[in-house]
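Colleague: Questions regarding the structure given below will be posed in turn.
The values are calculated or read from the model by the stated rules, or taken from the named source; none is laboratory data. As the structure is a prediction and not an experimental result, all values here were calculated from the model. Cβ sites come from the backbone with ideal geometry, for glycine too, and all protein chains shown count toward neighbours. Quick note on the areas: whole protein, heavy atoms, side chains included, nothing else; ligands and nucleic acids left out. Shrake-Rupley method; radii C 1.70, N 1.55, O 1.52, S 1.80 Å.
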Amino acid sequence: MAGDQATFQGKCLCGAVSISFQHEKPTLSACHCSMCRTWTGGPFMSVESHTAPVIDGAEHVRSYPSSEWAERCFCSLCGTHLFYRLRNGGFHALAAGLFKDGASWPFKLQVYIDEKPGNYQFANRTREMTGEEVVKLFS
């Protein structure tokens, strides 16, 4: 990887799964789709990685095939949400809360904005994409 990329490390609540990834300038995203809101209890806050992260404790990672093209992964011991990943390619949306560094990453993107319920609103100005725009991007 390029020399200007930093390595970020995070772990689940119980510490059985740790995840690391490299990125030059990580940013936060929020997904408002109904599946993410059901999975997390609110919008799914994540950091994107376009290559597979390094996972220690992979024997504790379980996945749920939430669609024909993606799955959601979690720790089988403590239930921590770990990531959403596309089945083809290296795209992972890593749960932002896993990483202590995440508090310093700028919030830049909201997806499935057309599915966001009206009972909350982020104060941050971000790029916003509808579900249709997201599907076109990954098709």
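Colleague: Give just the number: which of (1) part of a loop (DSSP other than H, G, I, E, B); (2) touching a strand residue (DSSP E or B) at 6+ places or on another chain (Cβ under 9 Å); (3) modelled with pLDDT of 95 or more does Ala52 not satisfy?
Modeller: Condition not satisfied by Ala52: (3).
Colleague: Taking the conditions exactly as written (under 21 Å from Ala16 (Cβ atoms) and among the polar types (S, T, N, Q)), does Ser76 satisfy them or not?
Modeller: For Ser76, the condition - under 21 Å from Ala16 (Cβ atoms) and among the polar types (S, T, N, Q) - is met.
Colleague: With Tyr120, Tyr84 as the choices, which residue is hydroxyl-bearing (Ser, Thr, Tyr) and either closer than 15 Å to Ile55 by Cβ or part of a strand (DSSP E or B) (or both)? Walk me through it before giving the result.
Modeller: Values: Tyr120 fails: either closer than 15 Å to Ile55 by Cβ or part of a strand (DSSP E or B) (or both).
Just a single option satisfies the conditions, and that option is Tyr84.
Colleague: Which residues, counting only those in the range 62-71, are open to solvent by less than 50 Å² (accessible area, probe 1.4 Å) and not in a loop (DSSP other than H, G, I, E, B)? Write out each step before concluding.
Modeller: The initial filter retains those residues of the range 62-71 that are open to solvent by less than 50 Å² (accessible area, probe 1.4 Å), namely 66-67, 70-71.
Passing the criteria: Ala70, Glu71.
Colleague: Residue under question is Glu59, and the condition is that it be surrounded by fewer than 11 Cβ atoms within 10 Å (Cβ to Cβ), of a type in the set (Asp, Glu), more than 14 Å from the chain's Cα centre (by Cα) and not in a strand (DSSP E or B); does it hold? Walk me through it before giving the result.
Modeller: Working: surrounded by fewer than 11 Cβ atoms within 10 Å (Cβ to Cβ): yes; of a type in the set (Asp, Glu): yes; more than 14 Å from the chain's Cα centre (by Cα): yes; not in a strand (DSSP E or B): yes.
Answer is yes for this residue.
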